[in-house]
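Worksheet: one structure, shown below.
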Amino acid sequence: MSVLYKSEIDRGRAWQALFADRAPDIGFHLWPEMGDPAAIRYLAAWAPTADIFAALPNLEVLFSIGAGVDQLDLSQVPPSVAVVRMVEAGLTEGMVEYAVFATLALHRRVIDYISDQRQGRWQPARLVPPAQRRVGVMGLGVLGQAVLARLGAFGFPLLGWSRTPHAIAGVDCYAGCEQLPDFLAQCDILICLLPLTPETRGILCRDTFDRLPQGAGLINAGRGGHLIESDLLDALDGGRLAGAVLDVLNSEPPPTTHPFWRHPKILLTPHIASMTTADTGGQALLDNIRRHQAGIPMQGLIRRDLGY
Ligand code: NDP
């Protein structure tokens, strides 16, 4: 019984060493080397193609290397194969760090001050106490909840929005399309940590921006497909929104002519908010394989009908 890994090679080597050390009973192959294809029960990959599934007759679980599964063509994954996204401490901690950085950047007007510095302008603005800056998170999953837990320490009033109702201490929770307007109306800083699905694609659009308080800030660390880029430009240029921190874009990297590169109200990072780490990610994969072997539910098992 073995695992086939098909992704970034350095991480693959680290995971192979981790399995050799902690799970010598499980073979770990780095694609294209796969030993006996019939022995492979687990595939750890980013975006496997149909030919791989055809070559692995006894595959039971596809583990996504990342927290999302939107890069997968689920119609190509045999129905008998369970699909699991990555849930691991290093990935979560990376996102918490990024969300804190981006929230503080907007809260403390860092984008404006970078722009002022470049133009030789010394222009202090009045400080807004955290208690007067409401932060709302779209997506109350593993990442959204971890981010909210850390942001609470700064004293921001917190809100959250999800598909199904949640109760989280210290967070004003909203759910579903009906409650979205009430949620948005109170978000001075809006953080998108949704998975990309047919329902959430394009959710960061003109209608959403129009419902935010005047001068709100946006953070998108979900997926580029959540954002209608032209609507964001209109909202920033028209003064509706004060600034945006974007880690993900529709096209990565964007073309050199893309307006986001030099926009004075946008802070752009190259999809680095968080990454699956070698150590904790490998252990999380191993833990899930052990759960699967023991017949216990795996962490991060997705519902194909929902796409997350
Ligand atoms: P989870 O699956 O744990 O959580 C998803 C959350 O989104 C849930 O709260 C879910 O609601 C909510 N949701 C899903 N669909 C809808 C909808 N239609 N309307 C309202 N809420 C919805 O995911 P994670 O927290 O682990 O990850 C979230 C995303 O973050 C990933 O899918 C990925 O796209 C992105 N990401 C980005 C990274 C980066 O570097 N930029 C790194 C890692 C992840 P409910 O609770 O009701 O099910």
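The values are calculated or read from the model by the stated rules, or taken from the named source; none is laboratory data. Keep in mind it's a predicted model, so treat the numbers as computed, not measured. Neighbour counts run over all protein chains shown; Cβ positions are idealised from the backbone, glycine included.
Every residue, every condition in (1) touching a Gly at 6+ places or on another chain (Cβ under 8 Å); (2) more than 20 Å from TYR42 (Cβ to Cβ); (3) among the polar types (S, T, N, Q), yes or no:
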{"site": "VAL77", "(1), (2), (3)": "no, no, no"}
{"site": "ALA82", "(1), (2), (3)": "no, no, no"}
{"site": "VAL87", "(1), (2), (3)": "yes, no, no"}
{"site": "MET95", "(1), (2), (3)": "no, yes, no"}
{"site": "VAL100", "(1), (2), (3)": "no, yes, no"}
{"site": "LEU106", "(1), (2), (3)": "yes, yes, no"}
Among strands (runs of 3 or more DSSP E) completely within region 206-308, the ones holding 2 or more residues that are of a type in the set (Lys, Arg) are none
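If you take the residues of region 43-64 that are assigned to a loop (DSSP other than H, G, I, E, B) and either over 22 Å from the mean Cα position of the chain (by Cα) or buried (at least 22 other Cβ atoms within 10 Å of the Cβ) (or both), which of them is farthest from the ligand (Cβ to nearest atom)?
Taking region 43-64 as the starting set, the residues that turn out to be assigned to a loop (DSSP other than H, G, I, E, B) are 46-49, 56-60.
Pick out the ones that are also either over 22 Å from the mean Cα position of the chain (by Cα) or buried (at least 22 other Cβ atoms within 10 Å of the Cβ) (or both) and you get 48-49, 56-60.
On the way: PRO48: 18, THR49: 21, LEU56: 25, PRO57: 30, ASN58: 28, LEU59: 23, GLU60: 21 Å.
Of everything passing the filter in region 43-64, PRO57 is farthest from the ligand (Cβ to nearest atom).
Could you list all residues from region 246-298 that are small (Gly, Ala, Ser) and more than 16 Å from the ligand (Cβ to nearest atom)?
At the first step, the residues of region 246-298 found to be small (Gly, Ala, Ser) are 251, 273-274, 278, 281-282, 284, 294-295.
Residues satisfying the conditions are GLY282, ALA294, GLY295.
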Matching residues in region 214-229 (more than 9 Å from the ligand (Cβ to nearest atom) and in contact with a helix residue (DSSP H, G or I) (Cβ under 9 Å, 6 or more places away or on another chain)) number 6
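Table: residues versus (1) out of contact with any helix residue (DSSP H, G or I) (no Cβ under 7 Å at 6 or more places or on another chain); (2) not charged (D, E, K, R).
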site	(1), (2)
LEU56	no, yes
LEU59	no, yes
ASP73	yes, no
ALA82	yes, yes
Can you say whether ALA67 is part of a loop (DSSP other than H, G, I, E, B), among the small types (Gly, Ala, Ser) and away from the ligand (no atom under 16 Å from the Cβ), as far as the supplied structure shows?
no
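Given the residues ALA131, ALA102, which is the only one that is over 21 Å from the mean Cα position of the chain (by Cα), assigned to a helix (DSSP H, G or I) and on the phi < 0 side of the Ramachandran plot?
Details: ALA102 fails: over 21 Å from the mean Cα position of the chain (by Cα).
After ruling out the rest, the residue left standing is ALA131.
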Flagged pairs (Cβ under 7 angstrom, 6 or more apart or on separate chains; first in region 245-273, closer than 19 Å to ASP234 by Cα and in the same structural domain as ALA102 (by TED's automatic domain parsing); second more than 10 Å from the ligand (Cβ to nearest atom) and among the polar types (S, T, N, Q)) are PRO264/SER115
Reported set for region 172-200 where residues are near the ligand (Cβ under 10 Å from one of its atoms) and in a loop (DSSP other than H, G, I, E, B) is LEU193, LEU194, PRO195, LEU196, THR197, PRO198, GLU199, THR200
If we keep only residues of region 201-213 that are closer than 21 Å to PRO253 by Cα and within 12 Å of the ligand (Cβ to nearest atom), then the residue surrounded by the fewest Cβ atoms within 10 Å (Cβ to Cβ) is GLY202
